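Asks: Starting off with a structure, shown below.
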Amino acid sequence: MSESVTDLIEKHLQAAFGSRPQRASVTFLGVEPIDIERFVVGKDAAYVTVGCARHPMADPNELNPDPVRGPRVEIVVRMHASRPLPGLHRRLATIAAAPAVEGLVLGADALVDLGEPLWDGAPFTALVTAADVELGEVDLPAPMDPVRFLRAVPITANEAAWMRLKGVDALRGAWAEAAIDLADPGRSPATM
């Protein structure tokens with residue numbers, strides 16, 4: 001019997017981080033559980049979903065989506081482990097379940113607006129995604145597409161509004177110009 005997609009993802013993550021994670025599992029009605037794995041490396045923590053890529057994402061308007069081929073992703077949030085981030089695992093699981101529940105197709109340079117704090121008390125209510133080059137991708141048996149990891153950067157409502165107007169490159173440029181540490185859970189927003 002071949003390994004499941006989630007088993008292959010977990011093996012890849014443990015090899016990449018060199019450790020076993022802390023794990024939380026979130027279940028939604030009608031959807032298979034989504035796990036959030038937390039890896040601590042030095043002073044940083046990476047929160048990674050496992051379960052979003054269980055099935056390929058498909059346009060919700062497709063009458064007969066391909067059950068094997070199609071993009072597969074997992075979400076990664078990298079933050080300094082300077083303080084607890086209560087509720088982050090539930091919000092990440094909600095985003096990871098969105099392709100199955102709402103037909104959302106996640107990709108690089110996407111804006112995902114939660115409309116609520118990313119963790120309890122956070123000023124961030126949205127995420128902007130980019131390829132997580134450190135984790136690369138997980139090859140799956142043919143004909144399945146590989147699993148890609150998307151780094152999701154927490155952003156404020158004002159940053160999300162500015163991104164809608166100016167685009168993701170302008171937002172990233174503002175961060176670079178202000179030397180903003182995107183892994184700081186207490187960071188200030190970019191000045192627009």
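Asks: Considering only the stretch 30-76, state which residues are open to solvent by less than 30 Å² (accessible area, probe 1.4 Å), closer than 16 Å to G18 by Cβ and not aliphatic (A, V, I, L, M).
Replies: E37, F39
Asks: Right, here's the next one. Does any residue of the stretch 134-142 turn out to be touching a residue at least 40 places away in the same chain (Cβ under 8 Å) and closer than 18 Å to M79 by Cβ?
Replies: Yes; the residues of the stretch 134-142 include at least one that is touching a residue at least 40 places away in the same chain (Cβ under 8 Å) and closer than 18 Å to M79 by Cβ.
Asks: Within the stretch 77-93, is there a residue that is within 16 Å of V147 (Cβ to Cβ), of a type in the set (G, A, S), buried (at least 21 other Cβ atoms within 10 Å of the Cβ) and within 14 Å of the chain's Cα centre (by Cα)?
Replies: no
Asks: Please go through the stretch 1-23 and give me each residue that is touching a residue at least 60 places away in the same chain (Cβ under 8 Å), open to solvent by less than 60 Å² (accessible area, probe 1.4 Å) and over 15 Å from the mean Cα position of the chain (by Cα), ordered by number.
Replies: V5, L8, H12, A16
Asks: Criterion first (open to solvent by less than 70 Å² (accessible area, probe 1.4 Å) and of a type in the set (V, I, T)) does T191 satisfy it?
Replies: Judged against the criteria, T191 is not a match.
Asks: So, of the residues in the stretch 98-117 that are small (G, A, S) and over 12 Å from the mean Cα position of the chain (by Cα), which turns out to be surrounded by the fewest Cβ atoms within 10 Å (Cβ to Cβ)?
Replies: G115
The values are calculated or read from the model by the stated rules, or taken from the named source; none is laboratory data. What you are looking at is a predicted structure, and each value in this text was computed from that prediction instead of being measured. Virtual Cβ from ideal backbone geometry, glycine too; neighbours counted across all protein chains shown. Note: areas computed on protein heavy atoms with side chains; ligands, DNA, RNA excluded. Shrake-Rupley method; radii C 1.70, N 1.55, O 1.52, S 1.80 Å.
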